[in-house]
């Protein structure tokens, strides 16, 4: 792993100078700002049953399913196409180092963008401190729990994006397949949550629990951290990254 | 295996589906030598080089770099290699200096030496003053080639593999490449693949001619010339009818390598034939009343002629086999 740091710096540099990074950041900021304003506009302290932060973070899936494919699509696909891959692997670097560097750089961008959403809370908080305190508008714990869950689920989503990017030379295909996989993931999670007959089957119950994304998000925002969810997403991320390493190795025919 | 063999390729076969790109290829390269790998398009040169650098795997056979099998431990073998791929892919988002620093770090050059090493190769490849701060995406083809070459020469890799390094370079830059390669002779093993044979001729110690996935000849220029089945290359200047000249030469077993009309009646013929038949041919031409032999003499085989001989022989053999079928 001695080349990991060099490769990580290279990937970060690539993200910094790429115009598409700024495009993704702009789309993300606009969409997250719009959601924030819409929810804030309709939020009334008297009628609300849950804190504002929890309500806001429930909308995380929409920016995420758009952002993750856009961040990860170029990781491998672009380099396969331009054959930079050849010069990259002509020196003594391992496939695992390359995959990990690409994953962590994309994940770092994912985290930075989500952390930037805290500015919105900060701005509203500064404007109306008294109201916030009074109505538990968005306690620090709600926000921390929401961000923690997004960071956790982000490892899985970004690793899925990296995996699909490692399979194809076409960025568009990589982007679309990642997008539809994430959409399917949310739909399945929602179906499990809605259909209590399936999800309450004793064997299936504990396995399907982490897939109920929205109830997990609520739990994290309320300060309940389910260890099954943590293990599920971290192990799934490792699995997706291992699959990416194998896919990159398979490119050496 | 000799102790000083830097590269050993044994019975290497590479198949892409049903297509056989390399067929039981074996050769070795001595440490410190400069070897040219030549062959027509699609001969399998790039496949050999990519297998040597661990970028693709051979179907069967073995490739070892300094005694380390590339198939068993590619990462360890790559520590001895610098490779410049054929189309020289470079990341467009970096500056030349940044890219070379990045490559130096990947090659394990220690932090203190990175600056000195990158500056040295940039000076060698004429990049230091003109292109050090340029974005790679803005570079011309020639400059990109020089960046690739600088990358290959960076560090202390014992083996440098260059796939078509002079494509897109002007004559002055080609001379610069020659100078760099010559300066590294003896200290590094250099394997170069190129189509431009005149560039390889003065710098290579040994040549490997590959055609249709097979090694058809290998050795020094003298070895290859002597190996042409005892044939010699001759050049004659003859006055007379072109068609008749061809007829007489071919009837006496001469293999015509070049036929040039100097004027309507003056022809220059380069031909190849065994020494003993040469005198008979001269006597035959003298006997013809309408042919006047102005000048005839022996020539040295150039690499191009040797290359053409071996690759043409393969083609002729194929044609004979196809004809038999």
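The values are calculated or read from the model by the stated rules, or taken from the named source; none is laboratory data. Just so it is clear, the model here is predicted, and its values are computed rather than measured. Glycine gets a Cβ as well: all are built from the backbone with ideal geometry, and neighbour counts include every protein chain shown.
Residue A:56 falls short on exactly one of the conditions (1) surrounded by fewer than 22 Cβ atoms within 10 Å (Cβ to Cβ); (2) part of a helix (DSSP H, G or I); (3) more than 15 Å from the chain's Cα centre (by Cα); (4) away from chain B (no Cβ under 14 Å), and that condition is (1). Taking the listed residues A:87, A:106, the one that is part of a helix (DSSP H, G or I) and either in contact with a strand residue (DSSP E or B) (Cβ under 9 Å, 6 or more places away or on another chain) or within 14 Å of chain B (Cβ to nearest Cβ) (or both) is A:87, with no other qualifying.
Of the residues making up the range B:48-74, those that are more than 11 Å from chain A (Cβ to nearest Cβ) and on the phi > 0 side of the Ramachandran plot are B:61, B:66, B:67.
For residue B:77, indicate whether it is surrounded by 20 or more Cβ atoms within 10 Å (Cβ to Cβ), under 25 Å from the mean Cα position of the chain (by Cα) and within 11 Å of chain A (Cβ to nearest Cβ). Write out each step before concluding.
Numbers: surrounded by 20 or more Cβ atoms within 10 Å (Cβ to Cβ): yes; under 25 Å from the mean Cα position of the chain (by Cα): yes; within 11 Å of chain A (Cβ to nearest Cβ): yes.
The answer is yes for residue B:77.
Of the residues that make up the range B:196-203, is at least one without any contact (Cβ under 8 Å) to a residue 60 or more places away in the chain, in a helix (DSSP H, G or I) and within 15 Å of residue B:304 (Cβ to Cβ)? There is at least one residue in the range B:196-203 that is without any contact (Cβ under 8 Å) to a residue 60 or more places away in the chain, in a helix (DSSP H, G or I) and within 15 Å of residue B:304 (Cβ to Cβ). Report whether or not residue B:130 is assigned to a helix (DSSP H, G or I), away from every other protein chain (no Cβ under 11 Å) and surrounded by fewer than 16 Cβ atoms within 10 Å (Cβ to Cβ). No. The set of residues in the range A:1-31 being more than 10 Å from chain B (Cβ to nearest Cβ), under 13 Å from residue A:93 (Cβ atoms) and loosely packed, with under 14 Cβ neighbours inside 10 Å consists of A:1 alone. Might you check whether a residue that is facing chain A (nearest Cβ under 9 Å) and more than 17 Å from the chain's Cα centre (by Cα) occurs anywhere in the range B:27-42? Looking through the range B:27-42, none of the residues is facing chain A (nearest Cβ under 9 Å) and more than 17 Å from the chain's Cα centre (by Cα). Among the residues of the range B:258-292, the ones that are in contact (Cβ under 8 Å) with a residue 24 or more places away in the chain, over 39 Å from the mean Cα position of the chain (by Cα) and loosely packed, with under 14 Cβ neighbours inside 10 Å come to 1 in all.
Taking the range B:96-117, which residues are more than 10 Å from chain A (Cβ to nearest Cβ) and either over 23 Å from residue B:129 (Cα atoms) or surrounded by fewer than 23 Cβ atoms within 10 Å (Cβ to Cβ) (or both)?
Here is the first cut: in the range B:96-117, the ones more than 10 Å from chain A (Cβ to nearest Cβ) are B:96-97, B:100, B:109-117.
Selection gives B:97, B:109, B:110, B:111, B:112, B:113, B:114, B:115, B:116, B:117.
So which of A:82, A:49 ends up being surrounded by fewer than 18 Cβ atoms within 10 Å (Cβ to Cβ), within 14 Å of another protein chain (Cβ to nearest Cβ) and at pLDDT below 90?
Numbers: A:49 fails: within 14 Å of another protein chain (Cβ to nearest Cβ).
Matching residue, one of A:82, A:49: A:82.
For the range A:160-180, give me each residue that is assigned to a helix (DSSP H, G or I) and under 18 Å from residue A:251 (Cβ atoms).
Narrowing the range A:160-180 to residues assigned to a helix (DSSP H, G or I): A:160-167, A:171-180.
A:161, A:162, A:163, A:164, A:165, A:166, A:167, A:171, A:173, A:174, A:177, listed by residue number.
Against the test of being under 25 Å from residue B:209 (Cα atoms), in contact with a helix residue (DSSP H, G or I) (Cβ under 9 Å, 6 or more places away or on another chain) and in the same structural domain as residue B:207 (by TED's automatic domain parsing), the options B:142, B:155, B:186, B:148 yield a single qualifying residue, B:148.
Got a sec? Which of A:123, A:184, A:138 is at pLDDT below 85 and surrounded by fewer than 21 Cβ atoms within 10 Å (Cβ to Cβ)? Break it down into steps so the answer makes sense when it comes.
Numbers: A:184 fails: at pLDDT below 85; A:138 fails: surrounded by fewer than 21 Cβ atoms within 10 Å (Cβ to Cβ).
Unique residue meeting the criteria: A:123.
Here residue B:89 fulfils each of the conditions (1) touching a strand residue (DSSP E or B) at 6+ places or on another chain (Cβ under 6 Å); (2) farther than 20 Å from residue B:115 by Cα; (3) buried (at least 18 other Cβ atoms within 10 Å of the Cβ); (4) facing chain A (nearest Cβ under 9 Å) apart from (1).
Against the condition more than 25 Å from residue A:94 (Cα to Cα), more than 10 Å from chain A (Cβ to nearest Cβ), without any contact (Cβ under 8 Å) to a residue 60 or more places away in the chain and part of a helix (DSSP H, G or I), how does residue B:120 come out, does it pass? Let's see the steps before the verdict.
On the way: more than 25 Å from residue A:94 (Cα to Cα): yes; more than 10 Å from chain A (Cβ to nearest Cβ): yes; without any contact (Cβ under 8 Å) to a residue 60 or more places away in the chain: yes; part of a helix (DSSP H, G or I): yes.
Yes.
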